[in-house]
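Below: one structure, written as structure tokens.
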Amino acid sequence: MNTSLALVVAAAGMLLGIMTGRTAARIWLITTLVGVVAAATAALSVLNGADWEWRSGFTVGGELLHLRLDGISALFMMLLCVVGGAGSVYGSEYWSEIEHPRSARSGRLWWSMLVLSMGLVLVMSNGLHFLIAWELFALSAYFLITLDRQRSEVRAAGWLYLAASHTGTLCLFAFFTSLAAQTGSWEFGPMRDQAALSPLFWLALVGFGLKAGLFPLHIWLPSAHANAPSHVSAILSGVAIKLGIYGLVRFSGWLPMPENAGTVVAILGVVSAVLGVAFALGQHDMKRLLAYHSVENIGIILIGLGFAMISVEHGNAAWGSLALAGGLLHVWNHGLFKALLFFGAGSVLHATGTREMSRLGGLWRTMPWTAGLFGLGAVAICGLPPLNGFVSEWLVYLGLFDATILHESSAWEAIPAAIALGVTGGLALACFIKVCGIVFLGAPRSEAAAHAHECGKSMRSAMCLLAGCCVAIGLAPIVFWPAIARAASTWHPAWKVVQAPESLAPLGRVHVALAVLAITAAALLWRRVKHQGLKRELTWDCGYAKPSARMQYTVGSFAGIITEWFAFILRPVRHMHRPRGPLPHDASFEEHTPETVLERVVAPFANLIMRVSLIARRLQHGHVQAYVFYVLIGLAALAAIVIAGGGK
């Protein structure tokens with residue numbers, strides 16, 4: 001199947017999915033899967049061959065339709081197809097008509113619209129049409145986030161997402177219109193020779209950065225990811241925020257860059273990575289914690305992109321291509337393991353009805369599949385071998401190490417970035433030890449956790465698909481290198497061929513050996529347990545004859561010391577009732593981490609604007625004589641300015 005035919009089939013499948021979304025669930029699932037498989041086929045053909053381009057003979061909005069699929073857009077298209085297909089299968093069980101009769105049908109329709117509009121964003125090569133597809137993508141995501149709109153917190157999350165999305169869209173509208181005004185066309189492509197365009201990059205950074213959720217533009221992300229249905233959270237985190245990264249990668253490759261733009265992007269990446277995981281450590285809500293890890297991983301991707309931009313400033317150094325390759329592979333890796341983790345969190349929520357980790361515990365006994373697959377995703381997101389997260393972070397490290405060794409002027413930037421990346425990995429490991437320990441180990445902390453049940457085959461198969469992809473990239477990274485190299489070489493014309501680092505193939509062999517050792521050890525342990533059985537005893541109980549579930553680590557106590565390190569930015573809120581007297585009746589201690597940027601910066605500023613607006617509104621009272629007075633004041637002020645200017 002050639003690329004054109006595959007894309008036609010993909011578009012037809014998604015359109016049929018939209019049409020059947022409100023009727024037959026099975027037909028919708030089939031047509032949606034046909035669409036994503038066809039789109040994946042087109043993307044794969046581009047990654048293994050030449051770019052695809054098509055221009056129409058008709059206009060849309062006065063502009064000829066121009067579509068393009070190259071190495072960069074094809075890489076993102078493949079991710080969209082894998083996560084979109086897995087999410088369709090998962091959502092057919094997770095958000096079924098039996099459990100959600102009021103919203104399941106509209107959920108299917110908007111899911112197909114979301115996948116189709118994101119695909120259109122990736123192939124549009126005209127600024128006006130790009131904005132149309134971008135707005136369709138934003139609106140369909142809003143309706144998916146608010147599927148359960150009967151809850152007030154869901155409606156609030158939806159409005160916050162919509163406000164942030166439209167703020168970003170305004171920046172992108174200014175970006176594309178300025179680009180069209182200076183170039184004389186809405187068409188875009190390589191424009192590195194037009195130095196006058198370089199200041200426009202800052203508009204693109206804000207517009208696309210809001211969608212990507214980089215710190216401090218992430219204000220919409222935690223509440224949207226936490227309150228959306230879990231399969232929607234998965235595609236938001238796995239793919240939707242990556243379209244912000246796509247825009248930054250695309251236009252940083254096509255436009256001339258302002259001075260020190262790469263340094264700014266790298267610094268934003270470091271800040272996002274470290275503070276994203278710090279905020280994650282302070283969360284009690286399982287899905288909100290995962291949302292903050294999206295901010296962290298966006299930071300890791302931006303570190304790779306930022307140092308690629310720095311290398312261009314230093315003459316297209318080879319270490320820049322390694323950093324970019326690591327960042328692009330991490331786009332894929334994060335999409336896979338983060339969608340897997342949200343699916344796992346959705347399975348827990350589906351079984352227990354709660355996202356609060358302090359009400360869970362002991363779920364590995366009743367939900368072994370979910371516990372195992374979530375644990376695999378946790379190992380991947382922590383960047384541990386032998387899974388895919390380690391591979392992409394290793395490539396970024398290689399780029400940073402080479403920048404330090406081969407280019408002394410970049411060492412002051414690369415060394416702190418490498419240290420920050422290491423700190424981020426350590427904090428992420430602590431965070432997911434907390435999550436897995438609190439949620440899946442220990443004793444149940446509530447009746448809901450004690451009576452949890454495993455998810456069904458559709459949800460389980462979607463998780464297994466993503467887990468298999470995480471394992472495949474980890475064990476055979478050299479197989480996936482050509483696709484990453486193709487995208488990296490598309491980014492900048494100086495990198496015609498991006499060579500694989502010498503350590504990549506041996507790394508895969510080491511990962512295979514580690515996987516074999518782990519499987520062998522697990523098999524031997526299982527065999528020993530099966531033959532000898534398990535002996536159950538009480539844990540150390542501090543002298544209590546009958547320990548209870550309350551005598552376990554809580555979410556707050558586990559991460560308390562680490563969150564204290566970041567108290568200057570987390571600003572934790574504590575509620576304490578101290579014990580009083582020799583035999584106190586009760587005592588309590590609670591701590592939660594607010595959305596610091598939103599609650600301490602954005603909300604006060606928004607309230608100030610509202611107060612000023614209300615004062616200004618009082619001027620509109622309908623008295624004509626007052627309006628005449630306003631005109632006279634304006635004319636007097638204008639005359640004073642003219643006279644002052646003439647006097648000079």
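Quick notes on this one:
- Hits in the range 277-308 (condition: aliphatic (A, V, I, L, M) and over 24 Å from Ser503 (Cβ atoms)): Val277, Ala278, Ala280, Leu281, Met286, Leu289, Leu290, Ala291, Val295, Ile298
- Within the range 190-204, being under 25 Å from Leu67 (Cα atoms) and either in a helix (DSSP H, G or I) or under 26 Å from the mean Cα position of the chain (by Cα) (or both) holds for Leu197, Leu200, Phe201, Leu203, Ala204.
- Considering (1) surrounded by fewer than 24 Cβ atoms within 10 Å (Cβ to Cβ); (2) in a helix (DSSP H, G or I); (3) among the polar types (S, T, N, Q), the lone condition that Thr424 does not fulfil carries the number (1).
- Those residues of the range 10-24 which are under 28 Å from the mean Cα position of the chain (by Cα) and either farther than 13 Å from Val115 by Cα or part of a loop (DSSP other than H, G, I, E, B) (or both), in sequence order: Gly21
- Note on the range 58-85: among residues that are of a type in the set (Gly, Ala, Ser) and over 21 Å from Leu15 (Cβ atoms), the one that is modelled with the lowest pLDDT is Gly62.
- Qualifying residue in the range 505-512 (condition: part of a helix (DSSP H, G or I) and farther than 30 Å from Leu398 by Cα): no
- Selection status of Ala603, out of contact with any helix residue (DSSP H, G or I) (no Cβ under 6 Å at 6 or more places or on another chain), farther than 22 Å from Ala157 by Cα, without any contact (Cβ under 8 Å) to a residue 24 or more places away in the chain and surrounded by 10 or more Cβ atoms within 10 Å (Cβ to Cβ): no
- Residues located in the range 379-409, provided they are touching a helix residue (DSSP H, G or I) at 6+ places or on another chain (Cβ under 6 Å), crowded, with 24+ Cβ neighbours inside 10 Å and assigned to a helix (DSSP H, G or I): Ala380, Ile381, Asn388, Gly389, Val391, Ser392, Leu395, Val396, Gly399, Leu400, Ala403
- Members of the range 486-500 that are over 17 Å from His314 (Cα atoms) and not hydrophobic (A, V, I, L, M, F, W, C): Arg486, Ser489, Thr490, Lys496, Gln499
- Test: Leu517 is closer than 23 Å to Ala325 by Cβ and either of a type in the set (Asp, Glu) or at pLDDT 75 or above (or both): no
The values are calculated or read from the model by the stated rules, or taken from the named source; none is laboratory data. Since we're looking at a predicted model, the values are computed, not measured. Quick reminder, even Gly has a Cβ in these numbers, built from the backbone with ideal geometry, and neighbours come from all protein chains shown.
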